[in-house]
Each structure stands twice: as C-alpha cells, then as structure tokens.
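Everything below concerns the one structure shown next.
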Amino acid sequence: SGVQVPVFEVNPLWPKPLPNHWVIGSTIGVSVDSRDHVFVIHRASTIDGNTELNVLHEPASAECCAPAPP
C-alpha cells in the first residue's frame, strides 16, 4: 500500500482583502500560529509606484491603495 498524495481544495474566500486598502511589497516571510493567524513580513520599499497603482506618486494618482506597514 503506497502513500497517497494529499489533496488540497482552493478556498475562493481566502485570503480576505487587506484592511485600509493596503498592498504589500515583496514577501520575505510567512508564518501561521496555533490559532491559524497568518503573519506576512514584506518589504514595503519594493512597492513600485509605477506598477502598484501609482500609490506612491506625489500627489497619488490612485486613491484605492496604500502600502501596508512592514
């Protein structure tokens, strides 16, 4: 009897949108605690204002998004 490959299902409702219209830069770490809270460490400095909806331009040319805290 061979070992079966795990089967995963996609949850279309996860992840929930980030609060405050945040966008994230390059992700450098992800962790999940014992209560299934997901923590993401990212580099906000990698958000490119020319490609990430122009959120970093002064004045911002998009009102939808803001860089998430690092």
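Where a number appears in this text, it was derived from the coordinates with a stated rule and is not lab data. Being a predicted model, the structure only gives us computed values, none of them experimental. Neighbour counts run over all protein chains shown; Cβ positions are idealised from the backbone, glycine included.
Around the amide H of His42, modelled in the peptide plane, lie the amide H atoms of Ile28, all under 5 Å away and 5 or more residues distant in sequence or on another chain.
By the count of neighbouring beta-carbon atoms within 10 Å, fewest first, Val40, Val3 end up ordered Val3, Val40.
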